[in-house]
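Computed from the coordinates by the stated procedures, all read-outs in this text should not be read as laboratory data. Note that the coordinates shown come from a computational prediction; the quantities given were computed from them, not determined experimentally. Here Cβ is always computed from backbone atoms with ideal geometry, including for glycine, and neighbour counts include all displayed protein chains.
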Amino acid sequence: MKLHELTIAQASGLLKNKEITSVELTRAILDRIEAVDGRVGAYLTVDADGAMAQAKAADQRLADGDAAPLTGIPLGIKDLICTQGLRTTCASKILENFIPPYDATVISRLKNAGAVIVGKLNMDEFAMGSTTEHSGFQVTRNPWNLDRIPGGSSGGSAAAVAADMCLGALGSDTGGSIRQPASHCGVVGIKPTYGRVSRFGLVAFASSLDQIGPLGKTVADCAIMLDAIAGHDPRDSTSVPEPVPTFSAIAENGLSDVVVGIPREYSSAHGLDPQVGAAVERAVKTIESLGARCIEVSLPHTDYAVAAYYVIAPSEASSNLARYDGVKYGFRDRTQTDLLQMYRSTRTQGFGPEVQRRIILGTYALSAGYYDAYYGKASQIRTLIKNDFQTAFASCDAIISPVAPTPAYPIGETLDDPLTMYLSDIFTLSANLAGIPGISVPCGFSDDGLPIGLQIMGRHFNESMLFQIARQFERAATLTDKKPLL
């Protein structure tokens, strides 16, 4: 096996035993990026010099006996997580040259764990999109088929992991932006419980929904990364001081005591591709064969989830993105002499069409006379959706569903049809509205050879159950060894 093809767990063992060095591993990743990223377009910034310096420091730590699981491991970072001294653009021209003066908490924790930060990964601008076509700089392509989307908004993160251009990556998930690209690219991705991972240093899209999480080649790799970044942070007022278990100590005792819920509403969801439905049904049978008991549950307010989300998220985005006015930082149209015209011109040039669309939607929903009818009503529906999950979890330990209604579709297919793109979030955004954790794990392939993901959702702060089920399924399904042929 080539060095860039290693999992985090495999590479960590080799580093610990002095069979390879972090410098060798990081150089292999940088060479891989140079070889294939011209076709995939996953990276916006590659920090080769910084990565090699970090790798040398990691080798010294290893020589001194520091063999933490992430020491010397090359990782990629979604480009909306602040990295001190390294460009952070949110894939937007309005932040094209922004260099943060500080690290996000998750970056500090990765550095403390000895990880090597290779570079920043492409995304939909300000995380608004499900295809990574809405980047202000480039389109990212799916490594399994370069004519297909990788998913979004963490499409660069998922594509980089799938194409072996990093051993793992961080993404963010506001309505499915980790799980959906993980599904489309055939990797594992987990959205932790809201409040489990600090959002300090995450550039905000929708503050009550955003959550940082890892993408990896295996369930174990995601658990290792979540071990490093999870935990309370006093700098984030939404961070919860909940005890953090060791996620990488995944239970290996089977699923004989586990009850899994299958939502009746999801089986008849609009637009569900028969191949996706069949792959999920096979996955359910596999999980039953591992000892779990599967029961039907109901999430009765599912039909309202997309509408509620696309009021709440744009409303919060409208508020959060008001700070990009050309005055404090970021792009400014210096040809304008009138203040209001400068604001207008800066934001028109700096924001792409999808971001502008969501700002307009959110501003309208928050405007005088419409707040109660839109944002207020959507917030009430959000409470009902959260209650649906609480009721369902009274009779089961986890809930299983598809991740996306279809396999990855052709690039450009929804550019003129944003509603279809929004509807592709039908299975994922409810977890964000409810604040619960969800994981995507590969469960099959379409007739065209495109990956299909299985979603497992759990109770608040019970990521360990998701890792247990996903790990047992992953082992039985034996899909993680399959690689895209670039």
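Before moving on, here are some points about what is shown:
- Residues 342, 123 arranged by fewest to most Cβ contacts within 10 Å: 342, 123
- In nm, spacing of pseudo-spin labels at residue 479 and residue 334 (7 Å Cα→C-beta vector): 5.2
- In order along segment 396-401, the phi-based Karplus estimate (6.51 cos²θ - 1.76 cosθ + 1.60, θ = phi - 60°) of 3J(HN,Hα) comes to 8, 8, 7, 10, 10, 7 Hz; Gly and Pro are listed as x.
- Footprinting exposure proxy ranking of 289, 12, 446, fewest other C-beta atoms within 10 angstrom first, gives 289, 446, 12.
- Rounded, prolate or oblate (a/c below 1.5 giving rounded, otherwise prolate when a/b exceeds b/c) for segment 64-182 by Cα gyration tensor: oblate
- A simple spin-label model places pseudo-atoms 7 Å from Cα toward Cβ; at residue 341 and residue 372 they are separated by 4.1 nm.
- A dipole drawn for the chain from +1 and -1 charges on Cβ atoms has a positive end, and of 339, 139, 25 the residue lying farthest that way is 339.
- Segment 183-317: projected area of the alpha-carbon convex hull, averaged over directions, in nm²: 10.2
- With the convex hull drawn around the C-alpha atoms of the chain, the volume per residue stands at 136 Å³.
- Length-normalised contact order of the chain in % [C-alpha pairs under 8 Å, at least 6 apart]: 17
- Computed [θ] at 222 nm, helices only, for the chain once each DSSP H run of length n ≥ 4 contributes -39500 (n - 2.57): -11500 deg cm²/dmol
- From the alpha carbon centroid of segment 267-314 to that of segment 224-252 is 27 Å.
- FRET efficiency, residue 295 to residue 349 (Cβ-Cβ, R0 41 Å, nearest 0.05): 0.15
- Paramagnetic reach from residue 24 (point 7 Å along Cα→Cβ, amide N under 14 Å) across segment 54-70: 59
- Exposure proxy ranking, count of Cβ atoms within 10 Å, fewest first, for 334, 179, 293: 334, 293, 179
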